[in-house]
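The next block holds one structure in the form of structure tokens; read it before the comments.
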Amino acid sequence: MNLLGETKDAISRSGHSTDDVRFVGSRDGELGIPWSQAEPVLDIDYDEGYGGQEIAADLVVVFTDGGFLRREEYDGSEWWEYEPPFRGPETQKPFKLVKLTSYRTRLLVEINYPMEATEE
């Protein structure tokens, strides 16, 4: 698999173009280069199939709208996954608990508002 081609395809599938790329770099933002410099860096072939992961796990493509592509991996198979920009509601409910209370409570709302989480 060619990483540059895969990345361009993932950018397109996310509804963006390379003009929308703010930077390519590390997920923590410490390392980053503009798309024009990233193209030759990404123009490499790698084995995306099962086995060992070959591409840096923290590599991201960040868009100007706040969305980004992140690397995902399962048993050495790797791919891009799109993460849309975070757009929360105007108001939020407060919470005080973050620890799971049972095997059935996985979400913050289930832990803090169990009655509301089960209502449908």
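Only the coordinates and a few stated rules stand behind these numbers; no lab work does. As the structure is a prediction and not an experimental result, all values here were calculated from the model. In this analysis, Cβ positions are derived from the backbone assuming ideal geometry, glycine residues included, and neighbour counts consider all displayed protein chains.
Name the single residue, out of those in the stretch 24-44 being within 14 Å of the chain's Cα centre (by Cα) and buried (at least 16 other Cβ atoms within 10 Å of the Cβ), that is nearest to V62 (Cα to Cα). So that I can check it myself, show each step before the final result.
So in the stretch 24-44, the residues within 14 Å of the chain's Cα centre (by Cα) come out as 24-29.
After this cut, where a residue has to be buried (at least 16 other Cβ atoms within 10 Å of the Cβ) as well, the list is 24-25.
Values: V24: 6, G25: 8 Å.
If we take residues in the stretch 24-44 being within 14 Å of the chain's Cα centre (by Cα) and buried (at least 16 other Cβ atoms within 10 Å of the Cβ), then V24 is nearest to V62 (Cα to Cα).
Inside the stretch 28-54, residues that are in a helix (DSSP H, G or I) and of a type outside the set (F, W, Y) make up a count of 7. Would you point out the residue of the stretch 59-80, among those that are touching a strand residue (DSSP E or B) at 6+ places or on another chain (Cβ under 6 Å) and exposed (fewer than 13 other Cβ atoms within 10 Å of the Cβ), that is nearest to S26 (Cα to Cα)? Going through the qualifying residues, I end up with E72.
What are the residues in the stretch 1-22 that are of a type outside the set (V, I, T), within 15 Å of P85 (Cα to Cα) and free of Cβ contacts under 8 Å to residues at least 60 places away in the same chain, if any? If the condition is that a residue be of a type outside the set (V, I, T), within 15 Å of P85 (Cα to Cα) and free of Cβ contacts under 8 Å to residues at least 60 places away in the same chain, then G15, H16, D20, R22 are the ones that fit.
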